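Below is one structure; the comments refer to it alone.
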Amino acid sequence: MSGGVDSSVAALLLKEQGFEVVGAHMKLWDYVDVGADIYKDGRCCTLDSITDCRFVCDKIDAPFYVLNLSPEFKTKVIDNFVGEYRAGRTPNPCVRCNSEVKWDEFLRKAQEVGCDFIATGHYSFVDQGAGGRWRIRKGVDETRDQSYVLWGLRQEALARTLMPLGSLQKTEVREIARRHGLRTAEKAESREICFVADNDYRRFLREHEEKKGRRFEAGEIVHTDGTVLGRHEGTAFFTIGQRKKLGVSYPTPLYVRSIDTAAHRIVVGDDSDLYEADLTAEKINWMAKDPSALTLGGPSFEADVKIRYLHPPARAKVEPLTGDSARVRFVEKQRAITPGQSVVFYDGDVLLGGGLIA
């Protein structure tokens, strides 16, 4: 339970369905470790969010626990987040948190205390396909569907997962919370990175490295025609497709085209330079598809493909390279394909699998 309305209503609905519900909040980080203003907001891992969880559990007559998973979160999510930016990639920490913490460390804790399932407030479904493989399907509320960030979940984890909000609209969830007098009914939601409290990831990266006695290397900002336009303070502060905060002036708008960490160089160009027809996906986790059939030379297939959370799915042909890598060829070129971001494959509302853009 994060302390928001979604996980609160998920717990309530399961209680009404006859489940024995135990509420648990994961404490993942401390403001003293991540910086910024401790009083800025009420997102997860604050005292306010823990208090909200406790009040909801009291309301539905469920025991409540706080689990300290901050050491695991630091190693598996925060350190990876910084390392990816250092390597010139743009990570999605929510994806890694889901697979490495929520459906790994948290599930292990649940099993230790005798729980049969873990349940979340994600707007998605978990079910079994015709072949018996566990899979995730999109929630009915297209504005809240969160299947994109769940592609890393394994079969054994999905078999022990409940998502009771998949059939509901967000407006319905809030109404249920109001009707039952839940403290979180009107609580605002945040879609930003939870451990970057001020939403300034550049500040976070800089302070994180300073604490370790490290710094980012300065370098050149170069146009695609080879002209040196200026200097930057570190390649980690840029991402593919970025337009703002480039620190250079030019007669026409410029966008980050590529990041060369070895040469400490940022290459910029026109918007038209950002469009590409294909990508390579690595570290793929197949859900609805049997990975044993997706090896080198295996049959290609068509899918709807998303390359970022708010990206409309684009039609593409997926050509397996190995069991966990593939070449993706789009029918129409896509803008700002970004290494480190997730690429996720769908057949209608069924999540086939996903991986990382190489």
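The values are calculated or read from the model by the stated rules, or taken from the named source; none is laboratory data. Model, not experiment: these values are computed from the prediction. As a convention, Cβ positions derive from the backbone with ideal geometry for all residues, glycine included, and neighbour counts pool all protein chains shown.
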Report whether or not Leu352 is of a type outside the set (Phe, Trp, Tyr) and free of Cβ contacts under 8 Å to residues at least 12 places away in the same chain.
no
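When the residues of the range 153-170 are narrowed to those that are out of contact with any Asp or Glu (no Cβ under 8 Å at 6 or more places or on another chain) and part of a loop (DSSP other than H, G, I, E, B), which ends up nearest to Ile307 (Cα to Cα)?
Ranking the candidates gives Leu153 first.
Could you pull out the residue among Thr120, Thr161, Thr143, Thr184 that is farther than 30 Å from Arg86 by Cα, surrounded by fewer than 13 Cβ atoms within 10 Å (Cβ to Cβ) and not charged (D, E, K, R)?
Thr143
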Just a yes or no: is a residue in the range 239-257 at positive phi and surrounded by 17 or more Cβ atoms within 10 Å (Cβ to Cβ)?
no
Kindly indicate whether any position in the range 297-304 is surrounded by 18 or more Cβ atoms within 10 Å (Cβ to Cβ), modelled with pLDDT of 95 or more, under 22 Å from the mean Cα position of the chain (by Cα) and closer than 15 Å to Leu279 by Cα.
yes
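Would you mention how many residues in the range 123-140 are buried (at least 17 other Cβ atoms within 10 Å of the Cβ) and among the charged types (D, E, K, R)? Lay out the reasoning, then the answer.
Start the filter on the range 123-140 by keeping residues that are buried (at least 17 other Cβ atoms within 10 Å of the Cβ), which leaves 123-126, 134-140.
Of the ones still in play, those that are also among the charged types (D, E, K, R) are 135, 137-138.
The qualifying residues number 3.
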Within the range 219-238, tally of residues that are touching a strand residue (DSSP E or B) at 6+ places or on another chain (Cβ under 6 Å), in a loop (DSSP other than H, G, I, E, B) and surrounded by fewer than 17 Cβ atoms within 10 Å (Cβ to Cβ):
1
Of the residues that sit in the range 261-284 and are over 19 Å from Gln341 (Cβ atoms) and of a type in the set (D, E, K, R), which one is surrounded by the fewest Cβ atoms within 10 Å (Cβ to Cβ)?
Asp270
Single residue of Leu310, Leu321 found to be outside the structural domain of Ile259 (by TED's automatic domain parsing), surrounded by fewer than 22 Cβ atoms within 10 Å (Cβ to Cβ) and closer than 23 Å to Asp273 by Cβ:
Leu310
By residue number, the members of the range 170-211 that are modelled with pLDDT under 95 and at positive phi are Asn199
Anything in the range 48-72 that is among the hydroxyl-bearing types (Ser, Thr, Tyr) and in a helix (DSSP H, G or I)? List them, or say none.
Ser49, Thr51, Ser70
Check whether at least one residue in the range 333-345 is charged (D, E, K, R) and modelled with pLDDT under 95, and report yes or no.
no
